[in-house]
Structures are given as structure tokens and as C-alpha cells.
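Below is one structure; the comments refer to it alone.
FYI, it's all coordinate maths here, none of it is from the lab. Given the structure is predicted, the values throughout are model-derived calculations rather than measurements. Cβ: placed from backbone, ideal geometry, glycine included. Neighbour counts: every protein chain shown.
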Amino acid sequence: MTKITKDDLRSRKWFMNPDNLEMTALYLERYLNYGLTREELQSGKPIIAIAQTGSDLSPCNRHHIELTKRVRDGIIAAGGTCIEVPVHPIQETGKRPTASLDRNLAYLSLVETLFGYPLDGVVLNIGCDKTTPALLMAAATVNIPAIALSVGPMLNGWWKGERAGSGTVIWKAREQLAAGDIDTDEFMEIAAASAPSVGYCNTMGTATTMNSLAEALGMQLPGSAAIPAPYRERGQISYETGKRIVEMVWEDMRPSDVMTREAFENAIVINSAIGGSTNAPIHLNAIARHLDVPLDNNDWQKHGHDVPLLVNMQPAGKYLGEDYQQAGGVPAVVGELIAGGLLPHPQAITANGKTMAENCEALRSKNRDVIKPASDPMKEQAGFLNLTGNLFDSAIMKTSVISPAFRQTYLSNPDDPDAFEGRAVVFDGPEDFHHRIDDPAENIDAKCILFMRGAGPKGYPGAAEVVNMRPPSYLIKQGVEALPCIGDGRQSGTSGSPSILNASPEAADGGGLALLQTGDAVRVDLGKGTVDMLVPLEELNDRAAKLLANGGYDMPASQTPWQEIFREKVGRLDHGMTLEGADQYRDIARKFEPR
Ligand code: FES
Ligand code: MG
């Protein structure tokens, strides 16, 4: 399968350029200075970058520092030379105001790194939520041979004999704390119990989702996504990943060869089957954009909505990362989908050079309580609806998490079973929500719909995970556990709320949400796929004119230079929240000419 020779290696333009010995010497001496030899740099070994996302600041990915030793061993065993490169840190829960601001920053910096240095291929150290899309987006733009390596999930967390999953357990415990059932110390102990080892979140949140989808897209070795970080198999697959990237360089196998339209359709189906996060459409649409693969939220509904949920993992189900791995991980899910005739493109190629079918067709779930067969799923229709109307062009809803109680309250009118109307209560950002939600003067009752705006890419900035809002405490005490929530922000993948989120365009970017007022009637029709404010057009035009006269939707000031640049350049959530204009730079490594 060798397609290129050593003379075709990109790194030769730096280290072996007979037309410019001066520059060759200059490039060489600096990489020799820490102990690399001329043989390693000049004998025609592919130079492989390890895009290092692990650091003390990024605990979810920190174990990559250990795993990188095995990746190096693999690269060297296969005849490559290894250069570890730092990636701008991203840690989902620690970064203020939100880690999603940093996805595009890490993307930008990794594009510059991979493009401008003597690198022939790259191992992408993925894990924590935004690290996976940031690295895949950069690999897509630069388009040098690339393979992803998950850091792996944490071991299962346990609390009082029950599985305690990262994130999910905190959403539950905060209710117990509010009710006075536990004290602050116990609250903190429960949180710590959910994170018992190195690795990324052990629930089916955005991290497990995106790592699974990196495998579903074909960008990881089969079986790589779900192996828990501390397992020996994690070190072993790190070694195999290092070996494989060297082969991929010789085969000239690039991200654009793997992440095709077919691969994205497979990933959408697999996302439904695993119960993946509502952040997945944002990130996959972004990666696709950088590859010039057409993909939008209609594709998510069309290919994903009717796919059943096969994986029984928190927050939608019971189990955690170790159980997922022991039941067979992504290959078992894919095997079950193929057996059920549900995988659209079994012939899609993957990082090991084989097709999805070749890798997974013979595999089945090893524990049918954790990974179900397609004939006996956890739930039907586990994908997303793409809703539209006069409030937004596109917003995502995961209908499979609608609870029986919610269905009974809002969707039980026999004449109109898929629709409900409610009175809007509008919040401008999370601070406004916290100030007003428990104020009895707001008169919030069980017929209200809570709206969160000013929480999108420009408004927040970065798009905050704040759309799933709790009802006022006086309603919770009356037994109202959830109100319908709609907004232009996002929602944590570890939360199981049936919100309507990622509304695009956002209020701060000319979206209809900016015109909504508390007290307006709003109609949600899940059958028709629409959400509309029932306000006459003249009135809306009036409001729009007033908003314009007031200088548009009000946003908090930027706090850092990057926030300002991000706001100027960022696009809509349904378009992947990429930097507008960045997608015109495609396949740039092949266009590289040294200057
Ligand atoms: Fe980093 Fe969940 S917070 S993986
Ligand atoms: Mg998150």
C-alpha cells in the first residue's frame, strides 16, 4: 500500500534540501541540539508529531503524558521519528467563561503548528470534550496523515454501592443539597467519588460522545475510544497507534480520505445509538466544514432521529465507561447496527486501512444489558429533531429524554399530541436566570416555557451550557420537576433534559429570540418541527425597529483580546461555531511551498 517514497516526505523540505544547504543546516542544528541525530532527521524517517493535550491544567487528558511514551515506542518501532508538540490547553469544567471559547483557539494554533513545521503525520491526543473537535478540525484543515488516540474514560465512580457518573451525579446531588438531604461535605465527597482515576468523564457526556465519534468517523484504531485510561489495553493501543501513523504516512492516508460524507452519516447514526451529546452536531458540523463536506442539522434529523438507543449509559441509562468497554465499546455498537441493517455505509474506510464492516461486522455486544441489540433497544428514535420557526432557523432537541411526567403535562392533548403552548419567561444570560427564577413576582407556573438567550457564541461569548434551567424552587416543592427550556446556548452532555437548544442564529446575532418578551405565547409543535412566538408580524417588526434603534441586543463586554476576536469571527452554532472564513483554507499541507 506504499504510495510515497522518502523523497516525498514533507519534512525533507526542511531537513534534506540540496538546493539550500544553508537553510537545511539551520533547520537541522536546532533539532539536533537536544540530542536528536542527523540519522533520525535525514535518513528518510517520517517525522511524526504527537499533539499533546495533556498537562496539569487539563487533568482529563493528563494521562496522555504517560501514554505518549508508548506512542513514541510505536513510532520508533515503525521507523519514524517523534516530535511532541504542545496544544493550547482546554479543560471543560475549569475554564471560565467557557471552554468552548478555546476550541477554535486550539484549532488555530494547531493548524499553524502542523502547517509551518517539518511534520509528516500527527497523533491527535484527544479526550476532554473540546479537545477532540479542536484536534480533528485542525487535522481536517491541514490534511496531513493523522490518527486520533483517546486518553480513555475514568474508571467507574461508586457512591454507597451505586455507580456515580461524572457530571450526572452532581446534577442529582445538587437537588439533594437544595432539599437539605445532604450537607456540603457529602456533596463534595459525592462529586469526588465520580472521578476515581485519570481519564475523561465516565458518563456518556460530550467526552465519551466525541471520543466514540472520532472512532465512528474512522479516525482512531477500532476499539480505541472506550478503553478506560488506567487499563493495560490503553497503553497497548497507544503503541499500536504510534506504529500505525507511520504506515499511514507511507500510504498517504489523509483525514479527507477517512472523514468523507459517508463517514459523517455513519457517525450521526452511531451518535444516536450511543445516546450522544447535543454538542455532537456542533462539533461534527465544524469538522465537516473544514473538509468541505456538506453537513447540517437537517442531516442529523434525517439520518439520526429514527435510530434507536443501544447503549445503556448515564445520563440516559445506568452504566459507565468500564461497562461500555467490557460490553465491546464502539465496535460492538457498530456490529449491532450492521446486524440490524442500520449502519448506512459499512464500507467506509477507517484508520487501520480496513472498512467499518471488516473491523466490526462479526462483533456483538458482550453484555446485552449495557449494549443492546438493534432488535431490542433501550429506546426508539434516539436522535435529534431539527426545529425551526420565527424564533430561530435551527435548534436541536433530543426527544428520547422526554420523561413520562413531561409528556403527560405537555404532550397529552389527544387532539394535538405533538404540540403544546406556553407563556414565555425570558432570561438574558445565566446571571439573570439566577436572580429571577425564584422570585414569586415572576408568576412562573407549570404552563410556562423558560427561555435563555444571550448564551450563544457571540452573546456569552463561546456559547454557555446553560439552557437546561431548573424550575423555581416553589414549583419543585409542588412536584414540578422540569419546565420546557429553549435557548441559544448549549447544554452539558451529562444532563438529560429535553431542552430545545443551540438555537441559531442567536439573539446577539439577529435571531428572532431577541424579539421575544416575557408573557408572549409560544407554540412548540414537535410533529411539524416548529417553534413559534404567537406574536403578530407588525408587532415583531415594531420590536425589531426598537431593538435596532437601541443599538441591537445587549451583550456583556469582552474580557480578553481573544473573546473580542472570537466574537468578530465566529459563526452560528448550527454551522459548527467555526471561525468564518477559516474554511476557505483546505488541504493546506499539500499546497505548502517553503518561503
Ligand atoms: Fe474533561 Fe469531562 S470535564 S472529560
Ligand atoms: Mg461541557
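Quick one: order Met555, Met378, Met23, Met1 by neighbouring beta-carbon count within 10 Å, fewest to most. All intermediate terms of the calculation are to be shown ahead of the outcome.
Values: Met555 17, Met378 20, Met23 14, Met1 9.
Placing the least packed residue first, the sequence is Met1, Met23, Met555, Met378.
Take Thr81, Thr578, Thr560 and order them by how many other Cβ atoms sit within 10 Å, fewest up front.
Arranged by neighbour count, lowest to highest, Thr81, Thr578, Thr560 become Thr560, Thr81, Thr578.
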Hull surface over four for the Cα convex hull of region 321-432, reported in nm², is 11.8
Once phi for every residue in region 422-431 is put through the Karplus expression 6.51 cos²θ - 1.76 cosθ + 1.60 (θ = phi - 60°), the whole-Hz ³J(HN,Hα) values, with Gly and Pro written as x, are x, 8, 6, 10, 9, 10, 9, x, x, 5
Amide H contacts under 5 Å for Gly199, restricted to residues at least 5 apart in sequence or on another chain and with H modeled in the peptide plane, are Arg62, His63
From DSSP H assignment alone, runs of 4+ in the chain each adding -39500 (n - 2.57), the sum over residues rounded to the nearest 500 puts [θ] at 222 nm at -10500 deg cm²/dmol
Classified through the alpha carbon gyration tensor (a ≥ b ≥ c as square roots of its eigenvalues; rounded if a/c is under 1.5, else prolate when a/b is larger than b/c, else oblate), region 385-550 comes out rounded
To the nearest 0.05, the calculated FRET efficiency linking Asp554 and Asn413 through their beta-carbon distance, R0 being 41 Å, is 0.65
Here the cysteines of the chain lacking a cysteine partner under 4.7 Å (Cβ to Cβ) are Cys82, Cys201, Cys360, Cys448, Cys485
Cα-based Debye curve of the chain sampled at q = 0.10 Å⁻¹ gives log₁₀ I(q)/I(0) of -0.84
Quick shape check on region 268-394: root eigenvalues a ≥ b ≥ c of the Cα gyration tensor, a/c under 1.5 is rounded, otherwise prolate if a/b tops b/c, else oblate, and it reads oblate
Here the relative contact order (percent) of the chain, from C-alpha pairs under 8 Å and at least 6 apart, is 14
Helix 131-142: inclination vs the chain longest Cα principal axis, degrees, rounded to 10, gives 50
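I want the antiparallel fraction of DSSP beta bridges within the chain, as a percent rounded to 5.
If I count the DSSP bridges inside the chain, around 45 percent turn out antiparallel.
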When Phe115, Phe392 are ranked with the fewest other C-beta atoms within 10 Å first, the list becomes Phe115, Phe392
As a percent rounded to 5, the proportion of antiparallel DSSP bridges among beta bridges in region 385-550 is 55
